[in-house]
Amino acid sequence: MSDTFPPGFLWGTATAAYQIEGAVRENGRTPSIWDVFSHTPGKTENGDTGDTAVDHFHRRAEDVRLMADLDVNAYRFSVSWPRVQPTGRGPAVQRGLDFYRELVDDLLDHGIEPVLTLYHWDLPQELESAGGWPARETAQRFAEYARLVGEALGDRVTRWTTLNEPWCSAFLGYASGVHAPGRTDPVAALRAAHHLNLGHGLATQALRSVLPARGQVSVSLNPSALRTLTNSPEDLDAKRRVDALSSRIFTGPMLTGAYPKDLLADTARLTDWSFVQDGDTATIRQPLDSLGINYYQPTVVSAATGEAGARHDGSDGHGASEHSPWPGADSHVAFHPAPGELTDMGWSVDPSGLYDLLMRYTREAPGLPLMITENGAAYPDKPAADGSVHDPDRIRYLHGHVSAVRRAITDGADVRGYFLWSLLDNFEWAYGYGKRFGAVHVDYETLRRTPKSSALWYARLAATGVIPEVPIG
Ligand code: PNW
């Protein structure tokens with residue numbers, strides 16, 4: 001099998017604003033839901049916050065040089081909404097936009113293509129106080145923010161992503177509560193999912209109206225790669241339920257213009273979905289230039305056996321909570337640990353899930369180019385005595401997953417790029433700084449950056465388009 005990728009393939013690294021920037025009080029930036037959540041006792045490991053993070057706001061130039069040294073030709077980052085439009089309403093803050101303009105210019109000077117995400121979870125707290133994503137108005141506010149950023153940067157950024165992982169925003173944010181804003185109301189979560197969808201549609205329209213013709217618009221989803229314990233009809237039905245909530249609740253309206261009937265039936269006891277208004281699904285279905293897929297591990301389900309568990313133990317990989325992130329499905333579905341080696345997140349290493357997702361969307365969305373907008377692994381990397389950081393586990397993880405992408409391309413998937421999560425060790429949400437996803441190590445005392453051996457491995461891949469071997473040992 002070929003280990004060579006097509007010319008023009010994007011090899012990138014990815015980050016998100018709140019996870020790396022710090023500088024949370026500069027130039028009029030106001031708190032986002034993640035500032036408030038992380039400063040609430042008990043919400044994150046260790047009480048960690050993004051106050052300083054890895055200080056990327058002040059180290060932007062160094063971080064772009066790091067990427068240039070890694071030979072990557074693309075960088076996926078997100079814009080902090082409250083840095084650009086504090087309170088989520090009204091005019092943009094010039095200095096906030098300038099930061100991203102300077103970042104983009106710096107990237108372009110180094111031959112690195114910027115891939116801009118508008119929303120990676122940092123909703124301005126004022127909008128949350130006004131109802132957050134369960135409130136319809138937030139979708140409108142998001143579209144206005146999209147227009148502001150599109151007008152400011154559309155002359156130099158070609159690739160735009162509306163939302164990162166709306167599943168996490170809706171269901172970890174409003175149902176299980178392990179993410180900001182930490183609410184635990186399953187109906188609010190379903191409303192949030194709809195208004196995130198609507199926000200995506202409206203923002204896509206707003207972007208199309210201000211971007212030059214070459215502008216590309218996408219969205220990044222994290223559909224579960226589902227496995228069942230057996231092929232029994234009961235287990236397959238459990239899979240169907242989780243698939244409706246993790247994938248089709250977004251791809252239904254976005255790609256086909258309708259919510260899946262089985263999803264509406266599964267959740268009928270919770271809501272009649274009357275928050276979906278006439279014309280909404282047509283607004284949500286906007287032509288896209290590519291579909292972003294984020295993948296870490298597969299999810300194993302079966303039909304629930306005993307009485308419904310009161311506590312969601314996190315065996316679906318989404319963190320333990322009194323509350324399930326699967327409205328309407330929790331009492332029907334049991335989650336099981338996936339087989340295979342585990343990363344530091346307790347997530348299993350299984351590249352076949354990535355292959356299966358790529359082949360699935362190749363079938364379901366023919367003609368729509370695919371992009372892996374996140375893939376990577378956390379390991380407890382420690383510098384050796386000489387300061388170098390050896391992370392052979394991450395190299396093996398990347399090798400396996402990049403090979404799965406190559407195999408999907410051979411089998412007909414139109415995959416245009418791959419983004420390693422993450423460029424730098426960073427604030428891993430509720431897990432704080434304890435989980436290290438970076439190709440580049442960050443010393444949290446000095447904020448010194450040191451490329452790990454996986455970064456050097458990835459640099460070779462990015463420079464040649466050929467999958468390097470995995471070093472022995
Ligand atoms: C993604 N889960 O988040 C995010 O887009 C990144 O910001 C994050 O750092 C990365 O993956 C690693 O976690 C996820 O509970 C958060 O399964 C939680 C889950 C999945 C993805």
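The values are calculated or read from the model by the stated rules, or taken from the named source; none is laboratory data. Small disclaimer: the values here were computed from a predicted structure and weren't measured. Note that each Cβ is placed from the backbone with ideal geometry, even for glycine, and that neighbours are counted across all protein chains shown. SASA here: full protein model, heavy atoms, side chains in, ligands and nucleic acids out. Shrake-Rupley method; radii C 1.70, N 1.55, O 1.52, S 1.80 Å.
Overview of values
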| quantity | calculated |
| --- | --- |
| Residues that are surrounded by 17 or more Cβ atoms within 10 Å (Cβ to Cβ) and farther than 26 Å from A385 by Cα, drawn from region 429-473 | W429, A430, Y431, L461, A462, I467, P468 |
| Matching residues in region 418-448 - criterion: being in contact with a His (Cβ under 9 Å, 6 or more places away or on another chain) and more than 29 Å from C168 (Cα to Cα) | R448 |
| D356 vs. criteria away from the ligand (no atom under 14 Å from the Cβ), among the acidic types (D, E) and within 19 Å of the chain's Cα centre (by Cα) | yes |
| Strands (runs of 3 or more DSSP E) contained in region 371-473 and holding at least 2 residues within 16 Å of the ligand (Cβ to nearest atom) | 415-421, 440-442 |
| Region 1-39, subset touching a residue at least 40 places away in the same chain (Cβ under 8 Å) and of a type in the set (V, I, T), residue farthest from the ligand (Cβ to nearest atom) | T4 |
| Residue list for region 251-263, restricted to those being outside any loop (DSSP other than H, G, I, E, B) and closer than 24 Å to T204 by Cβ | T251, G252, P253, M254, L255, T256, L263 |
| All positions within region 179-196 that are open to solvent by 10 Å² or more (accessible area, probe 1.4 Å) and more than 15 Å from the ligand (Cβ to nearest atom) | P181, R183, T184, D185, P186, V187, R191 |
| Cβ-Cβ under 8 Å pairs, at least 6 apart or on other chains, region 310-334 side farther than 14 Å from R240 by Cα, far side acidic (D, E) and assigned to a loop (DSSP other than H, G, I, E, B) | A310/E322; R311/E322; H312/E322; A320/D313; P325/D316 |
| Among the candidates T162, T138, residue that is within 16 Å of the ligand (Cβ to nearest atom), polar (S, T, N, Q) and in contact with a Leu (Cβ under 8 Å, 6 or more places away or on another chain) | T162 |
| Residue count, region 217-250 (criterion: touching a Leu at 6+ places or on another chain (Cβ under 8 Å) and open to solvent by 30 Å² or more (accessible area, probe 1.4 Å)) | 3 |
| Residue within region 370-377 that is surrounded by fewer than 22 Cβ atoms within 10 Å (Cβ to Cβ) and touching a residue at least 60 places away in the same chain (Cβ under 8 Å) present | no |
| Test for D350: is it among the acidic types (D, E) and within 16 Å of the ligand (Cβ to nearest atom) | yes |
| Scan of region 164-180 for residues that are closer than 19 Å to F427 by Cα and aliphatic (A, V, I, L, M), ordered by number | L172, V178, A180 |
| Residue pairs meeting the criteria (Cβ under 6 Å; at least 6 apart or on separate chains; first under 23 Å from W121 (Cβ atoms), in region 209-221; second away from the ligand (no atom under 16 Å from the Cβ) and of a type in the set (V, I, T)) | Q216/T158; V217/T204 |
| Pair list, Cβ under 7 Å, 6 or more apart: region 434-446 residue touching a residue at least 40 places away in the same chain (Cβ under 8 Å), other residue of a type in the set (F, W, Y) and away from the ligand (no atom under 16 Å from the Cβ) | A439/Y458 |
| Selection within region 93-124 - among the hydrophobic types (A, V, I, L, M, F, W, C), assigned to a loop (DSSP other than H, G, I, E, B) and either surrounded by fewer than 23 Cβ atoms within 10 Å (Cβ to Cβ) or at negative phi (or both) | V93, I112, L123 |
| Residue satisfying condition, being of a type outside the set (F, W, Y), in a helix (DSSP H, G or I) and either within 16 Å of the ligand (Cβ to nearest atom) or touching a Gly at 6+ places or on another chain (Cβ under 9 Å) (or both), within set S209, S176, S218 | S209 |
| Qualifying residue in region 299-321 (condition: touching a Pro at 6+ places or on another chain (Cβ under 9 Å), open to solvent by 30 Å² or more (accessible area, probe 1.4 Å) and among the hydroxyl-bearing types (S, T, Y)) | yes |
| Yes/no for R269 being in a helix (DSSP H, G or I), open to solvent by 20 Å² or more (accessible area, probe 1.4 Å) and either among the β-branched types (V, I, T) or at pLDDT 95 or above (or both) | no |
| Index of the failed condition, V389 passing every other in (1) open to solvent by 10 Å² or more (accessible area, probe 1.4 Å); (2) touching an Asp or Glu at 6+ places or on another chain (Cβ under 6 Å); (3) β-branched (V, I, T) | (1) |
| Qualifying residue in region 445-452 (condition: more than 21 Å from W347 (Cβ to Cβ), more than 22 Å from the chain's Cα centre (by Cα) and among the β-branched types (V, I, T)) | yes |
| Lone unmet requirement of (1) within 20 Å of the chain's Cα centre (by Cα); (2) more than 16 Å from the ligand (Cβ to nearest atom); (3) hydroxyl-bearing (S, T, Y) for S129 | (1) |
| Flag if D48 is in contact (Cβ under 8 Å) with a residue 60 or more places away in the chain and either open to solvent by 60 Å² or more (accessible area, probe 1.4 Å) or more than 15 Å from the ligand (Cβ to nearest atom) (or both) | no |
